[in-house]
Amino acid sequence: MGKVLIHPTAIVDKTAKIGEGTKIWHFVYVREHAKVGKNCVLGHAVYVDRNVKIGNRVKLENRANLYDGVTIEDDVFVGPHVTFTNDLCPRSFSADWKIVPTLVKKGASIGAGSVVVCGLTLGEYAMVGAGSVVTCNVPPHALVFGNPARIRRFVCVCGRNLVEEKKQAKSVLMTCMSCGRKFGIPRGDFEKIWKEERVCP
Ligand SMILES: [Zn+2]
């Protein structure tokens, strides 16, 4: 505990701040003024652009790309090859482009190969299924997947499905069948569950 591990092949700019206990593996690039919290793991060839802020206990899997404007809170999982964007109207020749920020809140997970379009907030303990393209804000505890990613159900802190127990005035009481935790999901979020889900045979 405490010691920062930076593999000799990684490049960490001298203006970047790295919290204690963090491990930075082969060929990672952490750029100017980026901030990485404590006890994080940055896997092979992760790219952390300038000014990116990363909380504590965050896992960035191999080749995740985090561009300027991205903020990642504590306990977030970013799967391999996940890419964030930071420009809503990209042109190679535009002279006045603005960085559009993205926020990933505590405990959220983003599955392998997903793309998160900029300007969005992914709520606490939200989960993005592998290969998704996220184009809308994701409410806390929502599981979204697909292209465009749609809300499919709600999940627990432990990552397992929440089951509806009863509807209340402003929320739906949901229970985790795995660990028994209960959550009040706002009805406005619950009603956004995509109805025409097709499941694999
Ligand atoms: Zn649970």
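The values are calculated or read from the model by the stated rules, or taken from the named source; none is laboratory data. Remember, it's a predicted structure, so these values are computed and weren't measured experimentally. Glycine also receives a Cβ, built like all others from the backbone with ideal geometry; neighbour counts cover every protein chain displayed. Ligands, DNA and RNA are stripped out before the accessible areas are found, and what is left, the full protein with its side chains, is counted by its heavy atoms. Shrake-Rupley method; radii C 1.70, N 1.55, O 1.52, S 1.80 Å.
Specify which of the listed residues (Leu173, Leu120) is modelled with pLDDT of 95 or more and within 20 Å of Thr71 (Cα to Cα). Selected residue: Leu120, the only one of Leu173, Leu120 that is modelled with pLDDT of 95 or more and within 20 Å of Thr71 (Cα to Cα). In region 20-44, the residues that are basic (Lys, Arg) form Cβ pairs under 7 Å with partners that are assigned to a loop (DSSP other than H, G, I, E, B) and open to solvent by 60 Å² or more (accessible area, probe 1.4 Å), at six or more places apart or across chains, as follows: Arg31/Arg50; Lys38/Glu20. Please determine whether any residue of region 69-86 is open to solvent by 60 Å² or more (accessible area, probe 1.4 Å) and more than 10 Å from the chain's Cα centre (by Cα). Yes; the residues of region 69-86 include at least one that is open to solvent by 60 Å² or more (accessible area, probe 1.4 Å) and more than 10 Å from the chain's Cα centre (by Cα). State which residue is nearest to Gly79 (Cα to Cα) when the search covers only region 32-47 and only residues that are among the hydrophobic types (A, V, I, L, M, F, W, C) and in a loop (DSSP other than H, G, I, E, B). My answer is Val46.
Return yes when Val163 is of a type in the set (A, V, I, L, M, F, W, C), more than 11 Å from the ligand (Cβ to nearest atom) and over 18 Å from Asp75 (Cβ atoms) and no when it is not. So Val163 fails the test. Select from region 48-66 the residues that are assigned to a loop (DSSP other than H, G, I, E, B) and of a type in the set (Lys, Arg) and write down the one among them that is least open to solvent (accessible area, probe 1.4 Å). Filtering first and then ranking leaves Arg50. Scanning region 93-125 for residues that are touching a Gly at 6+ places or on another chain (Cβ under 8 Å) and either open to solvent by less than 10 Å² (accessible area, probe 1.4 Å) or within 18 Å of Gly159 (Cα to Cα) (or both) returns Thr102, Lys105, Lys106, Ala108, Ser109, Ile110, Gly111, Ala112, Ser114, Cys118, Glu124, Tyr125. Of the numbered criteria (1) over 16 Å from Phe84 (Cβ atoms); (2) away from the ligand (no atom under 15 Å from the Cβ); (3) assigned to a strand (DSSP E or B), the one Asp189 fails is (3). For Pro186, the test of being open to solvent by 50 Å² or more (accessible area, probe 1.4 Å) and either among the basic types (Lys, Arg) or modelled with pLDDT under 95 (or both) is failed.
The single condition from (1) away from the ligand (no atom under 16 Å from the Cβ); (2) buried (at least 16 other Cβ atoms within 10 Å of the Cβ) that Ala142 fails is (1).
Results for (1) open to solvent by 40 Å² or more (accessible area, probe 1.4 Å); (2) out of contact with any Gly (no Cβ under 8 Å at 6 or more places or on another chain); (3) within 14 Å of the ligand (Cβ to nearest atom), shown as yes or no for each residue.
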position: Val134; (1), (2), (3): no, yes, no
position: Ile151; (1), (2), (3): no, yes, no
position: Cys156; (1), (2), (3): no, yes, yes
position: Leu173; (1), (2), (3): no, no, no
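Is it fair to say Asp96 is acidic (Asp, Glu) and within 24 Å of Leu122 (Cα to Cα)? Against the criterion (acidic (Asp, Glu) and within 24 Å of Leu122 (Cα to Cα)), Asp96 does not qualify.
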